[in-house]
Amino acid sequence: MRLVTFSPAGASPRIGTIVGKWDRWDAIIDLHAADPALPSDARTFVDLAGGLSGETWNRAQTVVSSKAKQAKEARFRPAEVRLHVPIRPRLLRDFLAFRGHVARTRAVLGTTPAAEWDEIPAYYNGNHLSLIDPGEPVPAMQYVVHEGGRRKTVDSQKLDYEAEVAFVLGAGGWGIPAQEAPSHLFGVTIFNDFSARDIQAMAGKIGMGPAPGKDWANALGPCIVTRDEFGELKDQTIAVRVNGEERLRGKYHDLVYKNPFVKEGERALWSFPEMLESLSRIQTVHAGEVWGSGTIPGGCELERGVEARYLHPGDRVEIEIEGIGVLANSIALRG
């Protein structure tokens, strides 16, 4: 099942399911309009059907398989609606899962990955309130610095995209073994963790983490693909385009495991089951959380060092993951 949060003109957001192929949507079905017993928002749907079982899940499956063709008042053409983030996370976390990305960005700085990267799957809590809808303009980043007792407003000169997979938890818990992780995963979507690299580097020297250069604009979408439909992350093609120009294209497996920055015998990534086991030993996790994988190797400009071409107002970024869709956003023009 592929789920979106959308709103027809003049109406409030509601949850829908997609009819058609992953890269060519024929229609969106309003689940609540097709069956009033179904919830109208995604987080409630995940709370009730996070295990891909039970009454709510079964009723939604009935809408997908039969009523989708009958409920004309619940059927919308994609061009008629506005898409929103597919779910408003209870909590947004972002991991640093891929050695290829870590090693390449550290090489740009003249260092190597910390030995501790191999010991724990590191993450930070992002801002789950700073959400950017598919197609919504991303505010051009400005920040304030104080130098010599004077206040100065600075436009970020190193605005970056980050292509990530996002995992949507369908069930929470504490002390969850890695082998039980699949039953706790509701589905996946695309995450663009927009980053202002200049203020990120400045704040990082203070020792308090990556904010505020990374939590001001978090784009999610365009849909959530449930785990039964998406399957295993393996051979999906990943692509990034800026203003139509391709910046990245490759198979997930190749980008992660055949990366020139990953030596034979080294850990290439932290998997979702490993993330879940590690984090749930520290604290209780909850359904409706969204976890970013961290940047897929090659999926940002920071990795390119002096050859990086950072974003500017008016630039349009598209992240495509086969089986999910395209998450597209433009950088807003400065007022």
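Since every read-out is calculated from the coordinates, none of them should be taken as a lab result. A quick note: this is a predicted structure, and the numbers were derived from the prediction, not measured. Reconstructed Cβ throughout: ideal geometry from the backbone, glycine too, with neighbour counts over all protein chains shown.
Odds and ends about this structure:
- Electrostatic dipole magnitude of the chain [Cβ: Lys, Arg +1; Asp, Glu -1; Cα centre; debye, to 20]: 600 debye
- In Hz, Karplus ³J(HN,Hα) per residue of region 162-170 (6.51, -1.76, 1.60; θ = phi - 60°; x = Gly, Pro): 9, 8, 9, 8, 10, 9, 9, 6, x
- Spin-label model distance (nm) - Lys258 vs Asn58, 7 Å beyond Cα toward Cβ: 4.5 nm
- Spacing of the two label points (7 Å from each Cα toward its C-beta) at Asp41 and Arg24, in nm: 3.6 nm
- Note on region 218-335: with charges restricted to the Cβ of Lys and Arg (+1) and Asp and Glu (-1), its dipole about the Cα centre is near 300 debye.
- Amide H contacts under 5 Å for Leu185, placed H, 5+ residues apart: Gly170
- Pair Glu180, Glu232: separation of 7 Å Cα→Cβ label points (nm): 2.3 nm
- Rounded if a/c under 1.5, otherwise prolate or oblate - region 92-330, Cα gyration tensor axes: rounded
- Paramagnetic label reach from Arg249 (point 7 Å along Cα→Cβ; backbone nitrogen cut-off under 16 Å): within region 216-240, residues 236-240.
- The count of lysine pairs in the chain whose Cα atoms are under 27 Å apart, excluding pairs fewer than 8 places apart on the same chain, comes to 15.
- With neighbours defined as other Cβ atoms within 10 Å of a residue's Cβ, the residues Glu180, Glu162, Glu264, Glu318 order from fewest to most as Glu264, Glu180, Glu318, Glu162.
- Listed residues Ser156, Gly244, Trp174: farthest to the positive end of the dipole of region 92-330 (Cβ charges): Ser156
- Computed from backbone phi with θ = phi - 60° and the Karplus coefficients 6.51, -1.76 and 1.60, the 3J(HN,Hα) list for region 209-219 is x, x, 5, x, x, 10, 10, 9, 8, 10, 9 Hz; x is used for glycine and proline.
- Selection from Ala37, Ala27, Pro121 lying farthest towards where the dipole of the chain points positive, charges on Cβ: Ala27
- Going from the fewest other Cβ atoms within 10 Å to the most, the residues Thr17, Thr237, Thr111 appear in the order Thr111, Thr237, Thr17.
- On full extension, the segment bounded by Ser12 and Val154 gains 47.5 nm, given 0.36 nm per residue less the C-alpha separation.
- The local environment of Arg14, defined by Cβ-Cβ distances under 9 Å, has a net charge of -2 under the rule Lys, Arg +1 and Asp, Glu -1.
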